[in-house]
Each structure stands twice: as C-alpha cells, then as structure tokens.
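Chemist: Quick one: the structure is below, and I'll ask about it shortly.
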Amino acid sequence: MPPADASAEPDAAPVDPGSAPADPGSAERSGSGAGERDPVEDTLDLKLTEELLALIAEERNTGADRARDRVPQELLGDPGAWPPAATTAGEFALLPVRPERDLPVLSRWMNDPAVAAFWELAGPESVTADHIGPQLEGDGRSIPCLGVLDGTPMSYWEIYRADLDPLARYYPARPHDTGIHLLIGGVNNRGRGVGTTLIRAVADLVLDNLPRCGRVVAEPDLRNTPSVSAFLSAGFRFSAEVDLPDKRAALMIRDRTYRDQL
C-alpha cells in the first residue's frame, strides 16, 4: 500500500492547499535506498533537455507512442490517446511512461526530499525503474504516465483500477472504480493551485474516456491537509478515514453523477 503524501512531512516547506505536491502510487515499493544526489539541488526545477522536449513534441504530434504496444488496454484504455485537456494552467496531456525517455526525469523528481520522504524511491535510477517496470509489464491495472503541461513534462501520475488494487480491501469498492496518484515535479508548479487544476483535469479525463467508471478515488494521508484540500477543491468529496497498512488515509471520491455540481 502507498506511503504518506510528501506534503504531510512535518519538516517539509509549507505548501499552498492547491499545490498537491505528491500523492504516492498504489504499487508495492521496491525500497528506498540512500540517494547520492545533493538534496538541495534536487529541490530545484529540472532543466529539461531540448532533446527530451523534442521527443515529447514528436510523440504528441505524430501519435507514435511505442509504449502503447506494451500497455494492455482492456482495463484502463490508453491514456496516451486521450485528448489533451484545456485548463487554466495550460494544455495538459498524459503520456504513458517510456523508461528510455523518462527515467532520468522521474528519478530526479523522486530524489526531491519533499517527494522521497513518502514515495520512498530516492536513490539511483534503478530504484525508480524497479517501481515502474512491473506496472508496464503487468496486466494493465496500473498505468504510469508523464504529465505534460504546454509541452513540458512537469508531473507523474499513476492511473489504476482501484477495484482491483489492494486498496479495495479497505473500502466498499465498486466495479471500475479508478484511482489516481500524482506528484508535481517542479517546485515552480507548487503552491499556486496547479495541483488542484490538474487533479480536476485528470479526473475529468478518466470519466470522459472510461464510460464504465462511475467514481474516481484517491487516498492521501489524512495528516496531509494541503493534499486533502486540493482534492476537495478539485471536486472530490471526503468519504471516510481508512486505516491502510502504512498510513491513515482520507478516502476521496469524485462521483460521475455530481461532477458538474462540484
């Protein structure tokens, strides 16, 4: 089960309620390891290479996403084929992770102390690779995605079938419940409401593209008031407190029925 959210860390810098800096994934952690990077450096915004940005742009323009060949589509469809969402923060799209392209970026984000304290994936790139690999090679019940805002990678998402996840043992799951977890990679995108905006956008993408899904769920750490507030602002409702193996969580639900009212 997932660890606590990054923003729940008592020693972390204060975070605006709309920022939602990190919400960890549902897959089992493969170990944290001691990071070798400078923790101060890792809190800085990642300087993305022109080559990476070109690969992202080419993939979005041509639709040539080689990762789709590895992602079974029976359970969650293909998030990479979902139309981009127009948001107040810019145009946002999900791209299924391609390790050969995305691993350096994701590993750097995982070594940000605000993220590492709860995702527990700090360390060399192999730690992040071991976390992502089983999802890419699995049956499609969890799909790791890169979040791209106006062409720039800036967040990591896991879209997963909550009714088929260990989480379903701890709440009254319904068929096709779909869960989301996220982290915002760059500090410049935290503390200004981007997290709330993108949580709503991704929940809408799930409901628009998975017609059998009636609810989008999340389970941030109950102590993480900024994260819980971000989900509330994004149209989720607080459903219950849930005792998971490694945290007490706030079960957040966005219902298809009430999506236009919240």
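Chemist: Run the dipole for region 159-262 about the Cα centre, Lys and Arg Cβ at +1, Asp and Glu Cβ at -1, nothing else charged, and hand back the magnitude in debye, nearest 20. Walk me through the numbers on the way to the answer.
Modeler: Details: 15 positive and 12 negative charges, 34 e Å.
Computed about the Cα centre, the dipole is about 160 debye.
Chemist: Let me ask something else. Express in Å², to the nearest 10, the accessible area of Val228 obtained by rolling a 1.4 Å probe over the protein heavy atoms while all chains stay in place.
Modeler: 20
Chemist: OK, next. What accessible surface, in Å², does a 1.4 Å probe find on Tyr258, ignoring ligands, DNA and RNA and rounding to the nearest 10?
Modeler: Result for Tyr258: roughly 120 Å² accessible.
Chemist: Now, a different point. In region 185-262, what is the volume of the convex hull around the alpha carbon atoms, normalised per residue and reported in Å³? List each step's numbers first, then the result.
Modeler: Values: hull volume 8.5 nm³, N = 78.
Roughly 109 Å³ of hull volume per residue.
Chemist: In region 181-234, what percent of the accessible surface is made up of carbon and sulfur (1.4 Å probe, ligands and nucleic acids excluded)?
Modeler: Values: 810 of 1700 Å².
Accessible surface attributable to carbon and sulfur in region 181-234 totals 47 percent.
Chemist: Residue-wise, which Karplus ³J(HN,Hα) couplings in Hz belong to region 98-103, taking 6.51 cos²θ - 1.76 cosθ + 1.60, θ = phi - 60°, and x for glycine or proline?
Modeler: Ordered by residue, 3J(HN,Hα) equals 10, x, 5, 9, 9, 4 Hz.
Chemist: Given the C-alpha centroids of region 134-170 and region 210-255, what is the distance between them in whole angstrom?
Modeler: Centre-to-centre (Cα) distance: 16 Å.
Chemist: Another question, if that's okay. Of Thr152, Thr87, which has the most accessible area and how do the rest follow, probe 1.4 Å? Intermediate results must be reported in sequence, preceding the final value.
Modeler: On the way: Thr152 55, Thr87 30 Å².
Per-residue accessible area, sorted high to low, gives Thr152, Thr87.
Chemist: What do you reckon, how do Glu137, Glu120, Glu158 stack up by accessible area (1.4 Å probe), largest on top?
Modeler: Details: Glu137 155, Glu120 80, Glu158 0 Å².
Descending accessible area places them as Glu137, Glu120, Glu158.
Chemist: Can you give the Kirkwood hydrodynamic radius of region 174-224 from its Cα pairs, in Å with one decimal?
Modeler: Values: mean 1/r = 0.0813 Å⁻¹.
After inverting the mean inverse Cα-Cα distance, the result is 12.3 Å.
The values are calculated or read from the model by the stated rules, or taken from the named source; none is laboratory data. Note that the structure is a prediction, hence the values are computed from the model and not measured. Positions of Cβ are generated from backbone atoms using ideal geometry, with glycine treated the same way; all protein chains shown enter the neighbour counts. Areas reflect the complete protein model, heavy atoms only, side chains present, ligands, DNA and RNA absent. Shrake-Rupley method; radii C 1.70, N 1.55, O 1.52, S 1.80 Å.
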